[in-house]
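Chemist: Below are the structure tokens for one structure; questions will follow.
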């Protein structure tokens, strides 16, 4: 990757290695002197925090795998053995269990940051799309991981979610049998979920590498959303942002370990401490909290879509729900192409800013709906919020493209930062 | 054949080299597909899983009005020895008023015995109604507590979100009082 003459290192060992494989030159270029906008706020910590959580999950996951028994007869007991008998097993498992939640917290904030400051816009479209791909892979990994302890929620969550594929016309049932490796969620299902749960994090690492690579081609966005115009607008990544990231990581880890040590089961569901039983369904099946908004969208489609007042149905309710759920993530994927407004940062887009806060509120309400039984007024509320979720992408954003005034932007980052008036506030 | 021949275009502008490219690519694609297939197909049910896919049930000990649950392919199967009232109720329903239009005759080979897969057609929960104390729903059959689907004495969906009737598994009477499911 290095081009042009290489700068020599004083240390002879480093110099010996670097002249044969310029890895120190690469690290210095990408993480040492890398020019980074000088006006980052704390929202810019969450990429690094997510990276720390990914590493945490891989380390705790590999150590758990050394004690886990992949069979329907042994899985639940082996997890309880990890909790009671394996040295520090309780700590490693609680770190892994809560680590999933905190990984998602970091990533949700990271996604919000991208949406608020327009980080998905040109020239960072591909960078954003790789990020959505990472999010999808995380969801698949987390879903399969939740099945492994083989408790009641594991079993019934897996049953409900794999059954979604039966909604696909014609081949649905064959696909579900294919996914299960049998005629219900059973030993073959558990074994393949474990294999894939072990594999996918490394696929995530690969996509994260591409994500960071793309980031280092375009450079970071910043809270003003204006381009870097010269060296006066940037700071070297080290020590300025290595220190700031480190501070943010430590604050985040404090909250994380507070959960691990003092309320390790607060984010889980007690039913998952009951061994899986294919003959008894829990009264109320809920996914992990980070899936709740999407689960609410899935359940919001309770009606068939077809020609009114006839029996002709194009899309059955079940398929409609599945399409809406995947569609909600597809919206994120195509966001860079939906939003063509010339201004990136919501700081200078009051209309978009209000709509985005509305969108966050709708997303949170959907999360609450997803945690409730699908009955009573939760059903119409989910339907309304699902409608608003999609309206943000296909109504509000195209409307803003045409109508939202194009505000005057500060001339450069350093001028905005160095003037005493808070330019960004208005 | 000379090197010139290989590169000189024929009347339609294609060369022998183009043909070689296409056949090489086609062979490569077929080869990759043949190698990929075993790695995809291994996910489908294995021979031992398929071998476990039939279950024999002795109906002898089941009294009139009693229900039992057996396992078939990892799923619960409900077998109900229906009372004459339950049969009459199931047969009296106006089929055109149903969501999933099936007559009781289509669902029960012998009216006394109703055999259904005990999995709600909504999202796969196991409905209540097998035990004496269970809620049986408004139509005297089964009731799914997950999202409130009511099934009648023929296992047909009558109320709630489920789209279909409880599935009837393939089964045959091997004797008067024994069935083989699957």
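Chemist: Residue A:214 is checked against (1) without any contact (Cβ under 8 Å) to a residue 40 or more places away in the chain; (2) more than 14 Å from every other protein chain (Cβ to nearest Cβ) and fails just one. What number does that condition carry?
Modeler: (1)
Chemist: Which condition number does residue A:227 fail, the rest of (1) buried (at least 19 other Cβ atoms within 10 Å of the Cβ); (2) within 25 Å of residue A:412 (Cα to Cα) being met?
Modeler: It is condition (1) that residue A:227 fails.
Chemist: Taking helices (runs of 4 or more DSSP H) that do not extend beyond segment B:39-113, which have at least 3 residues that are buried (at least 17 other Cβ atoms within 10 Å of the Cβ) and away from every other protein chain (no Cβ under 14 Å)? Walk me through it before giving the result.
Modeler: Details: elements: B:47-51, B:84-92, B:104-107.
Counting at least 3 such residues, we get B:84-92.
Chemist: What's the number of the condition residue B:147 fails, among (1) buried (at least 19 other Cβ atoms within 10 Å of the Cβ); (2) at pLDDT below 90; (3) more than 10 Å from every other protein chain (Cβ to nearest Cβ); (4) over 19 Å from the mean Cα position of the chain (by Cα)?
Modeler: Just one mismatch for residue B:147, condition (3).
For every residue, the table says whether it meets (1) in contact (Cβ under 8 Å) with a residue 24 or more places away in the chain; (2) in a loop (DSSP other than H, G, I, E, B); (3) within 26 Å of the chain's Cα centre (by Cα).
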residue: A:173; (1), (2), (3): no, no, no
residue: A:178; (1), (2), (3): no, no, no
residue: A:185; (1), (2), (3): yes, yes, no
residue: A:189; (1), (2), (3): yes, no, yes
residue: A:192; (1), (2), (3): no, no, yes
residue: A:201; (1), (2), (3): yes, no, yes
residue: A:207; (1), (2), (3): yes, no, yes
residue: A:221; (1), (2), (3): yes, yes, yes
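Chemist: So residue A:79 ticks every box in (1) in contact with a strand residue (DSSP E or B) (Cβ under 9 Å, 6 or more places away or on another chain); (2) within 30 Å of residue A:345 (Cβ to Cβ) but one. Which box is left unticked?
Modeler: Every condition holds for residue A:79 apart from (2).
Chemist: Can you give me the number of residues within segment B:120-144 that are outside any strand (DSSP E or B), within 19 Å of residue B:98 (Cβ to Cβ) and at pLDDT 80 or above? Walk me through how you get there before you give the answer.
Modeler: Just the residues of segment B:120-144 that are outside any strand (DSSP E or B), to begin with: B:120-127, B:129-139.
Adding the requirement that they be within 19 Å of residue B:98 (Cβ to Cβ) leaves B:120-122, B:127, B:129, B:136-139.
Restricting the remaining residues to those that are at pLDDT 80 or above gives B:120-121, B:127, B:129, B:136-139.
Result for segment B:120-144: 8.
Chemist: Also, I was wondering about something else. Restricting to segment B:150-172, name every residue that is surrounded by 17 or more Cβ atoms within 10 Å (Cβ to Cβ) and without any contact (Cβ under 8 Å) to a residue 24 or more places away in the chain.
Modeler: Within segment B:150-172, B:150 is the sole residue that qualifies.
Chemist: Would you please name the residue that is nearest to the other protein chains (Cβ to nearest Cβ), looking only at residues in segment A:270-289 that are surrounded by fewer than 20 Cβ atoms within 10 Å (Cβ to Cβ) and within 28 Å of the chain's Cα centre (by Cα)?
Modeler: Within segment A:270-289, the subset surrounded by fewer than 20 Cβ atoms within 10 Å (Cβ to Cβ) is A:270-271, A:273-275, A:277-280, A:283-284, A:286, A:289.
Now restrict to residues that are within 28 Å of the chain's Cα centre (by Cα): A:270-271, A:273, A:284, A:286, A:289.
On the way: A:270: 18, A:271: 13, A:273: 20, A:284: 7, A:286: 11, A:289: 19 Å.
That would be A:284.
Chemist: I need the full set of residues from segment A:158-209 which are modelled with pLDDT under 95 and more than 12 Å from every other protein chain (Cβ to nearest Cβ), in order please.
Modeler: A:168, A:169, A:170, A:171, A:172
Chemist: Could you identify the single residue in A:366, A:409, A:381, A:388 that is in a loop (DSSP other than H, G, I, E, B), more than 14 Å from chain B (Cβ to nearest Cβ) and surrounded by 15 or more Cβ atoms within 10 Å (Cβ to Cβ)?
Modeler: Result: A:409 is the single residue among A:366, A:409, A:381, A:388 that is in a loop (DSSP other than H, G, I, E, B), more than 14 Å from chain B (Cβ to nearest Cβ) and surrounded by 15 or more Cβ atoms within 10 Å (Cβ to Cβ).
Chemist: Continuing with this model, one more query. Assuming residue A:31 fulfils every condition listed in (1) touching a residue at least 24 places away in the same chain (Cβ under 8 Å); (2) part of a loop (DSSP other than H, G, I, E, B); (3) touching a helix residue (DSSP H, G or I) at 6+ places or on another chain (Cβ under 6 Å); (4) within 30 Å of residue A:215 (Cα to Cα) apart from one, which condition is it?
Modeler: Status for residue A:31: all satisfied but (2).
The values are calculated or read from the model by the stated rules, or taken from the named source; none is laboratory data. These numbers were taken from a predicted model, which means no experiment stands behind them. All Cβ positions, even for glycine, are placed from backbone atoms using ideal geometry, and neighbour counts span all protein chains on display.
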